[in-house]
Structure formats: structure tokens, C-alpha cells
1. Need the failing condition index for ARG407 against (1) in contact with a strand residue (DSSP E or B) (Cβ under 7 Å, 6 or more places away or on another chain); (2) basic (Lys, Arg); (3) more than 19 Å from CYS330 (Cα to Cα), just the number.
2. Quick one: how many residues across the range 207-229 are under 22 Å from ASN132 (Cα atoms) and in contact (Cβ under 8 Å) with a residue 60 or more places away in the chain?
3. In the range 165-182, is there at least one residue being assigned to a loop (DSSP other than H, G, I, E, B) and modelled with pLDDT of 85 or more?
4. From the list LEU180, LEU244, LEU176, LEU214, exactly one residue is outside the structural domain of GLN396 (by TED's automatic domain parsing) and within 18 Å of PHE51 (Cα to Cα). Which is it?
5. For residues that are without any contact (Cβ under 8 Å) to a residue 60 or more places away in the chain and either surrounded by fewer than 20 Cβ atoms within 10 Å (Cβ to Cβ) or not assigned by TED's automatic domain parsing to the domain that holds PHE191 (or both), tally how many sit in the range 140-169.
6. Exactly one of these conditions fails for TYR130: (1) out of contact with any Gly (no Cβ under 7 Å at 6 or more places or on another chain); (2) crowded, with 18+ Cβ neighbours inside 10 Å; (3) not acidic (Asp, Glu). Give me its number.
7. Starting from the range 373-385, take each residue that is assigned by TED's automatic domain parsing to the domain that holds LEU313 and list its partners that are surrounded by fewer than 15 Cβ atoms within 10 Å (Cβ to Cβ) and part of a loop (DSSP other than H, G, I, E, B), counting only C-beta distances under 6 angstrom and pairs at least six apart or across chains.
8. In this structure, does ALA194 turn out to be surrounded by 24 or more Cβ atoms within 10 Å (Cβ to Cβ), under 23 Å from GLY249 (Cα atoms) and not hydroxyl-bearing (Ser, Thr, Tyr)?
Amino acid sequence: MPPSLFLFSVNRVGDVFSGSIRVLAIGGIAALAGLLSPTKTQAAPFLQETFYEGAVPYSQTASGGMVRADHKTQKEIRHFRERLDRFGIGPIAPTPVVRRLRAAIDVKLPSNPTPDEVWEASRRALNWLYFNIAPGHQGYIDMMGQGGWPTADRIADYWGGEGKLAWAACFSKAHLAFQLFRIVGLPIDDFGIASAHYKNAEGRTTPTHVYLGLRVGKEWFYIDPGTQRDIGDYAQRASVGGPLMQQYGPGVDYEHPYSFKTVGGPGRFIGVPLLGKPKKITPSTTSAQGQLVKTVRARGSVATTPIPGSAYLAFFALESGKSKAQTIGCGDSVHTVRVKVPQGRDPLRYIIKFLLRQGNALASRYGLYHPLANSSLTVDKITMQGEEVIVELSGQFFIGGICDTPRVMAQLEHTVLQFPQIKKVRFYINDVIISALLNQR
């Protein structure tokens with residue numbers, strides 16, 4: 001079946017309305033009518049030219065900036081997040097020595113700092129590090145312990161005993177700065193450890209330079225602690241790197257890290273950001289996996305426009321389609337269930353929350369499949385921009401494989417686009433556009 005067209009059978013199973021169930025048995029062949037039409041699209045990833053990897057797809061994030069959308073990157077992120085404890089970036093215990101270290105750095109931040117406060121706090125923490133660090137391979141090993149990264153408490157203990165911190169290579173300064181940012185209370189969604197390629201003396205491209213990425217407002221900057229350069233004040237803010245290995249090539253590809261390790265805070269930023277402004281943006285139609293999640297053209301329609309006081313949710317009967325031309329996913333038919341919207345509640349916000357909180361129970365009641373059953377998502381923000389809606393979700397996102405990709409797209413877009421005043425929708429999960437996440441599953 002051509003990837004640009006999904007057709008499926010739709011049956012409205014019943015209503016959840018005033019405590020009654022009513023089987024409507026309305027069948028027919030349709031294609032997510034009004035749900036996945038060309039005018040109701042997710043934003044497509046864009047290609048960015050890198051120094052050593054060619055063109056790499058990126059997707060726009062809801063909070064500003066762009067993140068990588070290729071399969072290899074998403075796999076690496078998931079692998080890293082399964083091993084957070086190993087790297088010593090769990091919660092920081094406010095031990096006496098950690099509190100003394102925080103006081104010595106002397107950074108005071110409000111609970112919701114402004115961009116200029118984030119920048120100045122980062123500057124102060126980095127400058128403190130530069131004046132309180134000395135070469136010391138064994139000292140850095142002592143701070144690392146068995147975990148591979150220096151934990152916050154080991155850093156504080158070492159500083160308390162030695163009066164300075166020790167570094168061994170570029171990665172060690174980045175690791176130390178990352179932990180100091182956490183100790184002083186910088187927003188943990190706004191920084192991470194980046195790794196990028198460069199070309200060495202033998203002409204080989206290596207993936208070994210490690211530095212920092214910092215988000216200030218909606219802008220991402222790269223900061224290389226190995227340069228030990230003052231990043232300057234907020235008014236003149238700019239990325240800071242060095243001419244490492246430029247005698248053998250273009251140097252470190254600071255703006256295009258292939259890896260980005262974060263704590264994952266309240267906003268749960270998880271991704272590999274573009275550390276700079278996008279250049280030569282080109283719409284992409286393919287990904288490393290072969291096909292992007294594409295919008296699909298509708299043929300026909302299905303009457304799912306909500307009546308006053310109600311809305312519909314879409315679920316799936318697996319492998320029940322009569323032919324490939326009548327199915328979505330892996331031979332599945334779509335069934336809609338009517339849900340009552342309490343008087344005085346915003347129908348759009350209510351039905352999205354209902355899907356995320358009670359969708360599994362509702363689908364089970366009718367023996368249907370809910371592709372988000374294993375996810376735990378909450379609604380952070382819904383923004384209306386003319387006829388377009390931007391829905392920002394956060395939490396844990398799990399689906400069952402490639403068959404779930406069109407199911408999730410169909411279900412979420414149906415939930416929003418059933419309202420006639422809405423013509424276009426974009427979904428973000430943990431600040432990453434959903435098409436980039438679904439492409440990797």
C-alpha cells in the first residue's frame with residue numbers, strides 16, 4: 001500500500017453518555033476523514049548539513065530550537081536513560097559538604113529564573129570552576145569512583161578535602177561543569193553534556209570531544225569548558241568553543257552534537273538539540289529509517305463531528321480489516337466511542353485528558369486496542385493559533401512498535417481535529433514533536 005494513503009473501516013461502537021450504551025453500528029470505508037488530510041499536518045523534519053555526517057534530520061520543538069530526528073540518535077537516548085543511576089545523575093542529596101560547595105560557588109537563583117539569570121548563573125559557576133580546578137588524573141578517577149562519572153557528592157567531598165577539583169581531559173571538565181550546574185540549581189531541562197565529531201591528525205573522524213549545551217530562553221548555545229574562557233555577560237551572549245583540530249579539518253562540529261545527555265527534569269527535555277541557529281533548512285521527506293510519519297490523504301468522510309456536550313475517541317480492533325485498503329496500522333479497523341463532556345468544561349482539553357487518563361479503561365470495556373495504554377502522559381499546555389492547535393504533553397511515552405505509529409497518529413489527531421474550528425494540529429511530547437518520536441519506533 002502506498003505510504004501516502006491509509007484507508008480503513010470505521011465502526012462507531014457505542015456511546016458513553018449519561019450512563020447508557022447504545023450500539024450504532026455505522027460502518028463504511030473511509031480514511032481518517034478530516035484527521036490526516038494534507039491541510040492538517042505535523043511539522044516535517046528539516047535537514048541540516050553537518051561537518052562529518054552529511055545531512056541530518058531535525059524537528060522543531062515546542063519551546064524553541066530543534067532536535068535530531070534520526071533513528072540512531074533516538075536509540076542512543078533511550079539506551080542512556082536506562083542507565084541514569086550508573087552515571088551518578090540521580091537526585092542530589094543536600095549533604096553538609098554539598099551545601100558548603102554550593103555556598104562557595106555563591107550562585108543564588110529564584111525558583112523560576114529568567115533567561116538572563118540562567119546565563120549569569122552559568123557564567124558564575126563556570127568561572128568558579130576555572131579558578132578552582134587543576135590537572136590531576138588520579139584525582140579525577142577518585143571523584144568518578146566506580147560509576148564512570150563524578151557524582152555530586154564525590155565532587156563535593158573531593159573539593160572539601162583538597163580545596164580544588166581535578167580534571168583529566170575534555171570530558172572531565174564537561175562532567176564537572178554539568179554537576180556544578182545541578183548543584184547550584186540551574187533548571188535541569190536547560191543543559192546537558194554534548195559529544196561531537198572532529199577529524200584527527202590521521203584524517204579519521206572521531207566522536208570524542210565532549211562539552212556543554214545550554215538553553216537560555218528559547219536559544220541553545222554550546223559552551224566548551226576546555227577553553228576555560230569567560231562566556232561574557234547576557235547582553236553579548238554567544239556560544240564559546242575552541243579551534244580544536246582545525247589544522248586537520250573544520251574542527252569540532254559544536255553545533256551538531258551526535259549525543260546529548262540530560263538529567264530530564266520537570267519538563268522532561270529529552271533530545272539532541274541543534275546548538276545554534278538553523279542554516280539552509282530543507283524540508284525532509286525521508287529519515288534514516290526509510291520513511292517519515294506522513295500525512296495521509298482522505299477519501300470520503302466519517303461523521304465524528306461531536307454533538308454539543310460530547311466528543312469521540314478512536315480505538316482499534318486489531319487485524320480485523322477486510323482488506324489492506326480498509327485498514328490502518330497492521331490490518332486494524334478504527335472504532336469511535338462517544339464520551340460525555342461535563343457542562344462548563346472545555347471540550348478539547350477535557351477529551352484529551354480523558355484519553356490519556358481513562359482511555360485504557362474505556363477501550364477495554366469494548367474489547368478494543370488503545371495504543372497509548374502503556375504511556376503515562378499529562379497535558380502541559382494547549383495553545384490555539386488561528387485554526388491550528390499546539391498540544392504539549394509530558395511524561396513517559398511507550399508504544400508497541402511500528403504498527404502503533406499510524407494508530408497513535410490517528411488517535412491523537414482524531415481527538416483534536418474532530419472539532420470543526422480546528423484545521424491543523426501539532427503534538428509535542430517532552431518538547432519533541434511526535435513525528436520525530438514515532439519515526440524511531
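The values are calculated or read from the model by the stated rules, or taken from the named source; none is laboratory data. Quick caveat: nothing in here was measured; it's all calculated off a predicted structure. Virtual Cβ from ideal backbone geometry, glycine too; neighbours counted across all protein chains shown.
1. Result: ARG407 fails condition (3) only.
2. Residues in the range 207-229 being under 22 Å from ASN132 (Cα atoms) and in contact (Cβ under 8 Å) with a residue 60 or more places away in the chain: 5 in total.
3. No: zero hits.
4. After applying the criteria, what remains is LEU244.
5. Count: 11.
6. Going through the list (1) out of contact with any Gly (no Cβ under 7 Å at 6 or more places or on another chain); (2) crowded, with 18+ Cβ neighbours inside 10 Å; (3) not acidic (Asp, Glu), TYR130 breaks only (2).
7. Sorted first by the residue in the range 373-385, then by its partner, the pairs are ASN374/PHE398; SER375/PHE398.
8. yes
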